[in-house]
Amino acid sequence: MPTIFSAREIAEAAVEKEIKRKEFYATVTKLSTNKEMTKLFAFLTGEEGKHVETFVAVRDSLPVDARPEEYDADMQAYMDSIVENRLYSDIESKDFVQDAIDKKHVFNLAITLEKDAILFFWEFLPYVNEADKTIVKALIDEEKSHIRMLAKMRKELGQ
């Protein structure tokens, strides 16, 4: 029998991903020697902190035991890949972050993290009520704006 995620469990995964993005951005902020880059990543750290708070509230508003209808095998594999993403396995390492900065791919990595958030939030939408859908859609728009900021700075820094 496949594992079935409840909306609350998906929201908890969103909280965990937001925390990891926040920690990654905070580490970039600490390690960067570029003033503008430091400023941008400090801003993003704060934004992800707000997202953590938002998803904690959404998670806490969801019933504990409610389960959606079973997914077929393909849908289950897809949801598993979204919830258990290897993208987040290395970003907690200070050495990994320093290497990303040194090799000038920190912006590409950050953009990938933001895209992951958008995908995750989009897939989460069917499992929340209308009020929470509005919140999640607003978070999607914020993540899109973060991508634009990151892409602009990447271009400005010639990376």
Those residues of segment 52-83 which are at pLDDT below 65, part of a helix (DSSP H, G or I) and surrounded by 14 or more Cβ atoms within 10 Å (Cβ to Cβ) amount to Gln76, Met79, Asp80, Ile82, Val83
Report, ordered by the first and then the second residue, all pairs with beta carbons closer than 9 Å, sequence separation of six or more or different chains, a first member in segment 115-137 that is more than 17 Å from Glu53 (Cα to Cα), and a second member that is aromatic (Phe, Trp, Tyr). Asp116/Tyr88; Glu123/Tyr78; Tyr127/Phe5
Looking at segment 114-147, which of its residues are within 18 Å of Lys20 (Cβ to Cβ), in contact with a Leu (Cβ under 7 Å, 6 or more places away or on another chain) and of a type in the set (A, V, I, L, M, F, W, C)? Phe121
For a quick check of your reading of the model, give me the residue pairs whose first member lies in segment 1-21 and is within 17 Å of Thr54 (Cβ to Cβ), whose second is small (Gly, Ala, Ser) and at pLDDT below 85, with beta-carbon atoms closer than 7 Å and at least 6 apart or on different chains. Ala7/Ala66
Residues of segment 15-30 classified as under 9 Å from the mean Cα position of the chain (by Cα) and of a type outside the set (D, E, K, R), total: 2
Scope segment 121-140; condition under 13 Å from the mean Cα position of the chain (by Cα) and closer than 18 Å to Leu44 by Cα; matching residues: Phe121, Val136, Leu139, Ile140
Just the residues that are under 15 Å from Asp99 (Cα atoms), touching a residue at least 12 places away in the same chain (Cβ under 8 Å) and of a type in the set (Val, Ile, Thr), please, taken from segment 22-47. Thr27, Val28, Thr29
Qualifying positions in segment 86-100 - out of contact with any Phe, Trp or Tyr (no Cβ under 8 Å at 6 or more places or on another chain) and surrounded by 19 or more Cβ atoms within 10 Å (Cβ to Cβ): Ala100
If Gly49 passes every condition in (1) modelled with pLDDT of 90 or more; (2) within 22 Å of Val136 (Cβ to Cβ); (3) surrounded by 19 or more Cβ atoms within 10 Å (Cβ to Cβ) but one, which one does it miss? (3)
Could you tell me whether segment 114-121 includes any residue that is part of a helix (DSSP H, G or I), at pLDDT 90 or above and surrounded by fewer than 16 Cβ atoms within 10 Å (Cβ to Cβ)? yes
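The values are calculated or read from the model by the stated rules, or taken from the named source; none is laboratory data. Keep in mind that this is a model prediction, so the values were computed, not measured. Here Cβ is always computed from backbone atoms with ideal geometry, including for glycine, and neighbour counts include all displayed protein chains.
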